[in-house]
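Rule-based calculations on the coordinates, nothing more; no lab input. Remember, it's a predicted structure, so these values are computed and weren't measured experimentally. Cβ placement follows ideal geometry from the backbone for every residue including glycine, while neighbour counts extend to all protein chains displayed.
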Amino acid sequence: MSLRLCVRLARRSVPLLRPQVGISEEMGRLCRSLSTSHSHKAEKKLFTPGPLGTSLTVRQAMLQDLGSRDVNFINVIKKIRADLLNIAEVSPSEFTSVLLQGSGTFAVESIFQTTVPHTGAKVLILENGVYGRRMKTICDTLAIPAHMESFPEDSRVDLGRVESVLKGDISFTHVAIVQCETTSGLFNDVESVGKLVKKYVPSCTYFVDAMSSFGAVPVDFSTGNIDVLVSSANKCLQGVPGFGFAVIRKDTLSRCKGNSRSLSLDLYDQCDALDKTSQFRFTPATHTMLAFSQALDEFRQEGGVHGRRQRYTENCRVLREGMTRLGFRPYLKDDVAGYIITSYFYPQHPNFSFPEFYRRLNDKDDVIYPGKLLKADCFRIGTIGHLFPEDVERLLRNIEVVCRDMGMQVPLEN
Ligand SMILES: Cc1ncc(COP(=O)(O)O)c(C=O)c1O
């Protein structure tokens, strides 16, 4: 609906308005309801690892301009920081949460910037996918000495090998791993790795990138000896994109003053400003944080990590059963696959082309994701965000139609 039409309709309804309600307020409300019902109709379903779909109420929470010094905004920041510690199930006396403007990679980079000292440091990165390898790129860019131990993309970080690496070299000061390697959808056992890390190098800082898993995949800070974890607003907590966050041990952060090679990604200074003033050093993502606050309320209403895990698991079950029926083959074996995102091999059919498959599904308002695996041609389907089993069922129907439209018989023969 055009804004002009919206305004005309609003004007027409003005005489009916309650006298105490301002015209602009009522017009705003009407425009809002008209435009949201309109956008709702054309809504895309994002079966991706991010940006993810969000609820209408989360998006509506952004329909407010707030100054960064507004007391309401300051309270929102305090609430978000406290809620994140609650979700992580860590004590505020031992841990703090720090919000940082930017995408998830900014938060990951800020951890290396901030926690790794300029001399005497050596990072061990345990990788089995793109996001682990990106950590190495970050360390290389920052001239931080780092050893990357690589594992096959279709299997977990192997505990036996981690143990022998740690036994063989106790000079590591930091160990980093990804919990859900979004490249494939695999879950690494970050708790068992953390036990080994502290067994062999007790003084090590253990860092978990839980970008695509925090809020839906349980993580035990205490069993896993986790010192730092990062994630971002627009993943399993279902806010809109715009900032990432770290949950970090206070005594780890307290040793980091002056480490950062960057001004804006200095997590120590960021935390210091937030602690002292509840304000950001630089322009905060105000609207994104309002949306996140609403998203956290909805997260709690859904039953927290447990509730979210149940819905995502069910989304994923419906997807896997349906895709198997259609003849698609998953990349991962069941014992390592998670429920965040699933990778499927390209069908071995001469008519299959991923760009065409993607375009046709996109035309039906279902957005899937390309693969990023080193050795296999795959595409990915995410089952997180504001998605429900009925959305997955619709996607499956659309996939079937698109396969047929592309001249591929269903079920596929692989
Ligand atoms: C595990 C993991 N780490 C890091 C990132 C990077 O986040 P962003 O793309 O928001 O920078 C992602 C993105 O999906 C991810 O899944």
task = Would you list which lysines come within 26 Å of residue 78, measuring only between C-alpha atoms, while excluding same-chain residues fewer than 8 positions from it?
result = 235, 250, 257, 276
inquiry  = How would 278, 353, 212, 93 line up from fewest to most surrounding beta-carbon atoms within 10 angstrom?
reply    = 93, 353, 278, 212
task = Mind jotting down the three principal axis lengths of the stretch 304-405 based on Cα atoms? Whole angstrom, largest first.
result = 44, 30, 22
Residue-count net charge about residue 257 - beta-carbon cut-off 11 Å; Lys, Arg +1, Asp, Glu -1 = -2
request  = Kindly identify the stretch 240-294 as rounded, prolate or oblate by the Cα gyration tensor criterion: order the square roots of the eigenvalues as a ≥ b ≥ c, call it rounded if a/c is under 1.5, otherwise compare a/b with b/c, prolate if a/b is larger, else oblate.
outcome  = prolate
ask   = Around residue 46, what is the net charge, scoring Lys/Arg as +1 and Asp/Glu as -1 over all other residues with Cβ under 11 Å from its Cβ?
value = -2
query = Can you tell me the Rg and the Dmax, both Å, for the Cα atoms in the chain?
reply = 23.2, 80
query = How much of the calculated P(r) for the stretch 71-300 lies past 25 Å, in percent of all Cα pairs?
reply = 35 percent
ask   = Which order do 58, 90 fall in if you start with the one that has the fewest other Cβ atoms within 10 Å?
value = 90, 58
ask   = Per q in 0.13, 0.22 1/Å, what log10 I(q)/I(0) does a Debye calculation on the alpha-carbon atoms of the stretch 284-364 return?
value = -0.65, -1.04
query = For the stretch 317-387, which trypsin sites (Lys or Arg not before Pro) are in a loop by DSSP, counting at most 12 other Cβ atoms within 10 Å?
reply = 333, 375
